[in-house]
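J.: Next up is a structure, given as structure tokens.
Just so you know, all these numbers are worked out from the coordinates, no wet-lab data involved. Computed from a predicted structure; not experimentally measured. Positions of Cβ are backbone-derived with ideal geometry, glycine not excepted, and every protein chain shown enters the neighbour counts.
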Amino acid sequence: MLKNLLAVLTITIAFTSTTKAQNKYFLTYYNKAQKLYDAEDYINAKLYYDSAIKKNPSHAKAYYKRGLCIYAEENLQGALKDFNKSISLDPTNGEAYNFRGDIKIRLKDTIGGMRDIDTSILIEPNNYNFRIDRGIAYIDLDSSRRALNDFSYAYNLDSTKYKAVFYMGVANYYIDSLDIAYKYFNKCNAIDSLASRPYYFIAKILYTIDSYDEALSEINTAIRLNDDKAYYYVLRAKIYMFNESEYDDEMAIEDLNKAIKMGSEEAKELLAEYFSEGDA
């Protein structure tokens, strides 16, 4: 009897020692992975998360973090697998649902993606980023009024952050509340004067109401801040074509050719239309 008790005690001590060692190694690998992740060294961070998971294969956060590293590498299927595992171990992690929702939408599973993003908001209804993300998803689905509800919620959480202000402008633009959109885009410029997209949208609004001189000034600023957006050049070409005081065929064609080199199908169509009208 005593021998049996001693055997059980020995096994228990050995198991406890092994578990402590595994936890020690897990924390070493996990903490190193965290530092690498924070430094945006996702490749090496993933390797350390691999090692951490081997030591503790039931740690939900480790799968979630490794999923973020894989997501950063644009390996959507690999990231999806880790987010699935993380959620199965901890179904209360709203961030895992939010990222999984984004991946599903990008993989054309829109219904599943929206369901996951909805779940993330059920878990954390006052999460600013979740509201912004769902609003963007609604914009992509042409549900601008639903998007506006989420952007308004985020804006009420913090009206000083650029994203909420910018997307309040975007949603109002798409529901044709141009005066309101214009005010939000101007507020964006006060928050971050180096962001190009508010200038682009202001130019679009001014172009829509035939204020071509002002539109040209705004789109020039947008392009000066960011010269690799094809649709910026397409808009400026349109302004050149319709602005009677600054009408410039050559500049318009030059901008359309730049946009075409960047892969713009709209620029191709506009250029073809321009030359067909010239031949008529």
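J.: For the chain, what's the relative contact order in percent, using C-alpha pairs closer than 8 Å and at least 6 residues apart?
T.: Worked out over the chain, it gives 7 percent.
J.: For the residue pair R224 and N149, what label-to-label distance in nm results when each label sits 7 Å from Cα along the Cα-to-beta-carbon direction?
T.: For R224 paired with N149, the spin-label model returns 4.2 nm.
J.: Relative contact order for the range 90-160: what is it in percent, counting Cα pairs under 8 Å that are at least 6 residues apart?
T.: 25 percent
J.: Does the range 118-199 classify as rounded, prolate or oblate by the C-alpha gyration tensor (a ≥ b ≥ c root eigenvalues; a/c under 1.5 gives rounded; else a/b over b/c gives prolate, otherwise oblate)?
T.: Judged from the Cα gyration tensor, the range 118-199 comes out oblate (a/c at least 1.5, b/c at or above a/b).
J.: Apply the a/c threshold of 1.5 to the C-alpha gyration tensor of the range 200-280 and tell me whether it is rounded, prolate or oblate.
T.: Because a/c hits 1.5 or more and a/b fails to exceed b/c, the range 200-280 counts as oblate.
J.: Could you calculate the contour length gain from A72 to K183, that is, 0.36 nm times the residue separation minus the distance between their Cα atoms, to one decimal place in nm?
T.: Gain in length upon complete extension: 36.5 nm.
J.: Now a separate question. For the residues M251, M241, what sequence is obtained by ranking on other C-beta atoms within 10 Å, fewest first?
T.: The most exposed by this proxy come first: M251, M241.
J.: Could you work out how much longer the chain between S159 and A272 gets when fully extended? Use 0.36 nm per residue separation minus the Cα distance between them, nm to one decimal.
T.: Computed gain between S159 and A272 is 36.3 nm.
J.: Just one of [x] 1.00; [y] 0.94; [z] 1.41 is Cα Rg over 2.2 N^0.38 Å calculated from these coordinates, so which is it?
T.: [z]
J.: Spelling out what I want: for every residue of the range 127-139, take phi, set θ = phi - 60°, compute 6.51 cos²θ - 1.76 cosθ + 1.60 (Karplus), and round to whole Hz; glycine and proline get x.
T.: Computed from phi, the couplings for the range 127-139 are 7, 4, 5, 4, 5, 4, 4, 5, x, 5, 4, 5, 4 Hz.
J.: Relative to the longest principal axis of the chain, what angle (0 to 90°, nearest 10) does the C-alpha long axis of helix 2-38 take?
T.: Approximately 20 degrees, to the nearest 10.
J.: Decide, for the range 21-125, between rounded, prolate and oblate: order the square roots of the alpha carbon gyration tensor eigenvalues as a ≥ b ≥ c, take rounded if a/c falls under 1.5, and otherwise choose prolate if a/b is larger than b/c, else oblate.
T.: Taking the square roots of the gyration eigenvalues as a ≥ b ≥ c, the range 21-125 is prolate.
J.: Rounded to the nearest 10 degrees, what's the angle between the helix 76-89 long axis and the longest principal axis of the chain, both from Cα atoms, 0 to 90?
T.: Rounded to the nearest ten degrees, it is 50.
J.: Take each of the peptides 47-55, 32-40, 158-166, average the number of other beta-carbon atoms within 10 Å over its residues, and list them starting from the highest.
T.: 47-55, 158-166, 32-40
J.: I've got another one for you. With r as the distance between the Cβ atoms of L194 and M251 and R0 = 35 Å, compute the FRET efficiency 1/(1 + (r/R0)^6) and round to 0.05.
T.: 0.90
J.: Here is a further query. Past 24 Å, Cα to Cα, is the threshold; run K81/K161; K46/K163; K204/K268; K54/K81 against it and keep the listed order.
T.: The answer is K81/K161; K46/K163.
J.: May I pose another question? Can you give the extra length, in nm with one decimal, that the chain gains between M262 and I111 once fully stretched, where that is 0.36 nm per residue apart less the Cα-Cα distance?
T.: Stretched fully, the M262-I111 segment lengthens by 51.2 nm.
J.: In degrees between 0 and 90, to the nearest 10, how far off the longest principal axis of the chain does helix 94-106 point, with axes built from Cα atoms?
T.: Its long axis makes an angle of about 50 degrees.
J.: Quick check on the exposure proxy: order L271, L194, L27 from fewest to most C-beta atoms within 10 angstrom.
T.: Exposure proxy ranking, most exposed first: L194, L27, L271.
J.: Among M168, M114, rank each residue by its count of other Cβ atoms within 10 Å, from fewest to most, as a rough exposure measure.
T.: Placing the least packed residue first, the sequence is M114, M168.
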